[in-house]
């Protein structure tokens, strides 16, 4: 059983999951600040930004959860862990709750469109989503990924990475995946600029 050196490498499967954690959290943080500083989405550009962010967060979650559930957990099961018990059961529950809370954000966003008075439910929905996101990613960083580092041999890690690549290909391909990550960064930047403009001009 090997070494943490492969697992800690910048191109390994666990590094990919950690990068996704960072991208998701950075986008969610930027959107939290943008929503808190906005006028409720009365401007079309604001609504388009929120809708784009929700779509990218959903796509990122599908990618991230899919790789963990269909690939990583399968290898942990071979090492004696069960999806019916902790920690895998807790990860699965976190994923389901994440999806429920993101769906609630999308529903609140639809109600908020064009009506500044409807922005309070959106702020509440996104705050709940962001709080859960923070807790569950911390659990993955502190429990799931260190567990995988301990129990997966180097050959396992290489096969997990290969299967991650297959999962990405089935989702749309490496170019599509790179575009998704770039979209997250682009929307994060737009959200940050919206906050700056709201501070200067009094509205997002």
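The values are calculated or read from the model by the stated rules, or taken from the named source; none is laboratory data. Note that this is a predicted model, so its numbers are computed, not measured. Note: ideal-geometry Cβ built from the backbone for every residue, glycine included; neighbour counts use all protein chains shown.
Listed conditions (1) under 19 Å from residue 65 (Cα atoms); (2) without any contact (Cβ under 8 Å) to a residue 60 or more places away in the chain; (3) in contact with a helix residue (DSSP H, G or I) (Cβ under 7 Å, 6 or more places away or on another chain) are all met by residue 176, apart from (3).
Any residue at all in region 108-126 that's closer than 18 Å to residue 17 by Cβ, without any contact (Cβ under 8 Å) to a residue 60 or more places away in the chain and touching a helix residue (DSSP H, G or I) at 6+ places or on another chain (Cβ under 7 Å)?
No, because not a single residue in region 108-126 is closer than 18 Å to residue 17 by Cβ, without any contact (Cβ under 8 Å) to a residue 60 or more places away in the chain and touching a helix residue (DSSP H, G or I) at 6+ places or on another chain (Cβ under 7 Å).
Take region 70-97 and flag every residue that is under 16 Å from residue 17 (Cα atoms) and either at pLDDT below 95 or buried (at least 16 other Cβ atoms within 10 Å of the Cβ) (or both). Once the filter is applied, which keeps residues that are under 16 Å from residue 17 (Cα atoms) and either at pLDDT below 95 or buried (at least 16 other Cβ atoms within 10 Å of the Cβ) (or both), region 70-97 yields 71, 72, 73, 75, 76, 88, 91, 92, 94, 95. Among the numbered conditions (1) under 16 Å from residue 184 (Cα atoms); (2) over 15 Å from the mean Cα position of the chain (by Cα), the only one that residue 59 does not meet is (2). Sort through 157, 191 and tell me the only one that's surrounded by 15 or more Cβ atoms within 10 Å (Cβ to Cβ), more than 15 Å from the chain's Cα centre (by Cα) and within 24 Å of residue 108 (Cβ to Cβ). Step by step, each of 157, 191 is checked, and only 191 is surrounded by 15 or more Cβ atoms within 10 Å (Cβ to Cβ), more than 15 Å from the chain's Cα centre (by Cα) and within 24 Å of residue 108 (Cβ to Cβ). Of these, 92, 101, 72, which one is under 18 Å from the mean Cα position of the chain (by Cα) and under 18 Å from residue 152 (Cβ atoms)? Within the list 92, 101, 72, the selection yields 72.
From the list 100, 77, 140, the lone residue that is touching a residue at least 40 places away in the same chain (Cβ under 8 Å) and either farther than 28 Å from residue 43 by Cβ or touching a helix residue (DSSP H, G or I) at 6+ places or on another chain (Cβ under 9 Å) (or both) is 140.
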